[in-house]
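Here is the structure we will look at, set down as structure tokens.
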Amino acid sequence: MKLDGNTILITGGATGIGFALAQRFVDAGSEVIVCGRRSHALEEARQKCPSLHIRACNLAHAEERVDLFHWATTTFPRLNVLVNNAGIQQRLNLRNKHAWSVMREEIEINLSAPVHLSTLFIPHLQEQAHPAIVNVTSGLSFAPLANVPVYSATKAALHSFTLSLRHQLEAAAISVVEIIPPAVDTDLGGKGLHTHGAPLDEFADSIMEQLRNGSIEPAYGFAAESSKAAREQFDAVFKRMNQAR
Ligand SMILES: NC(=O)c1ccc[n+]([C@@H]2O[C@H](COP(=O)([O-])OP(=O)(O)OC[C@H]3O[C@@H](n4cnc5c(N)ncnc54)[C@H](OP(=O)(O)O)[C@@H]3O)[C@@H](O)[C@H]2O)c1
């Protein structure tokens, strides 16, 4: 993937993986817009990286995705890359009673939003130079972590959707890329829950290098292993990840 000269919208790009990628795309010579719910996180991101464009929105709501699409393509008519990165992760014990609204929100943010945004942006992207859709899935797309059951299911579905999207968009010459992170040290799910993960900068540097070299499924560490595993290996990975819990 070309790293310079793009106009890129990164959802959830004010923090964590999205912000690490945003900074690197800016350094490589692309214009970057990031969005998220928390205005203070967006402002902080812009303080650290002054050329970032920011937009507050809640992607759990379909009408806000449509608003984002209209705003982004009107303000940045040369927008040529959509990065579906925003996500949440909830620990859920399925034997306890959870309000459906809690699970539905996770599905809306992690799955409905990237599906909806992709289909909204396709007609615009296919008119642009070097168009691409980049979806951030997870090593958990391939073997679920049972204490984040809805999260794992949304990431498996997003992986599946990405394969179909790539196939369908071949004729439109829109590249479809899947970034497959392992556990990475961010605030995903709450502060301190991913400190066991890969260092964010090492992960992001590796992903950018793989993108530069044309990879359509850049992955890292454990996720590189699990995304290539066969069924028997998935079962072993599932046991290993879940036995201690
Ligand atoms: N860290 C890991 O271990 C790991 C592993 C595999 C995959 N991933 C994936 O990587 C992506 C980025 O996560 P991260 O680790 O960088 O965690 P993070 O720092 O918590 O980033 C998630 C971002 O998504 C935004 N977001 C969440 N809900 C949103 C909504 N309804 N509307 C708009 N923006 C929303 C958040 O901003 P606001 O809260 O301000 O809205 C935040 O900036 C996620 O898709 C995650 O599933 C992470």
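We did not get these values from a lab; they are worked out from the coordinates using the rules stated. These numbers come from a predicted model, not from an experiment. Cβ sites come from the backbone with ideal geometry, for glycine too, and all protein chains shown count toward neighbours.
A dipole drawn for region 7-242 from +1 and -1 charges on Cβ atoms has a positive end, and of Ser141, Ile122, Gly12 the residue lying farthest that way is Ser141.
Between amide H atoms placed 1.01 Å from N, distances below 5 Å from Val134 occur with Leu82, Val83, Asn84, Val177, all of them 5 or more places distant or on a separate chain. Anisotropy class assigned to region 7-242 is rounded, per the alpha carbon gyration tensor with a/c under the 1.5 cut-off. Remark: region 51-56, residue by residue, has Karplus-estimated 3J(HN,Hα) of 7, 5, 9, 10, 8, 7 Hz, where x stands for each Gly or Pro and the curve is 6.51 cos²θ - 1.76 cosθ + 1.60 at θ = phi - 60°. What is the chain's relative contact order, in percent, from Cα pairs under 8 angstrom and six or more apart in sequence? RCO, the chain: 18 percent. Farthest toward the positive end of the dipole of the chain, out of Ile107, Val81, Ala132, is the Cα of Ile107, where the dipole comes from beta carbon charges about the Cα centre. Averaged over residues, the count of other Cβ atoms within 10 Å places the peptides 128-138, 214-224, 192-202, 13-23 in the sequence 13-23, 128-138, 214-224, 192-202, highest first. A Cβ-based charge dipole, computed about the Cα centre of region 201-245 with Lys and Arg at +1 and Asp and Glu at -1, lands at about 320 debye.
Output the peptides 229-235, 35-41, 114-120 sorted from most to least packed, where packing is the average of other Cβ atoms within 10 Å over each peptide's residues.
The packing order, highest mean first, is 114-120, 35-41, 229-235.
Once both labels are positioned 7 Å from their Cα atoms along Cα-to-Cβ, the gap between Asp201 and Gln126 label points is 4.3 nm. Charges were assigned to the Cβ only: +1 to each Lys and Arg, -1 to each Asp and Glu. The resulting dipole of region 7-242 about its Cα centre is roughly 540 debye. Dividing the mean sequence gap of close Cα pairs (under 8 Å, 6+ apart) by how many residues region 96-239 holds gives a relative contact order of 24 percent.
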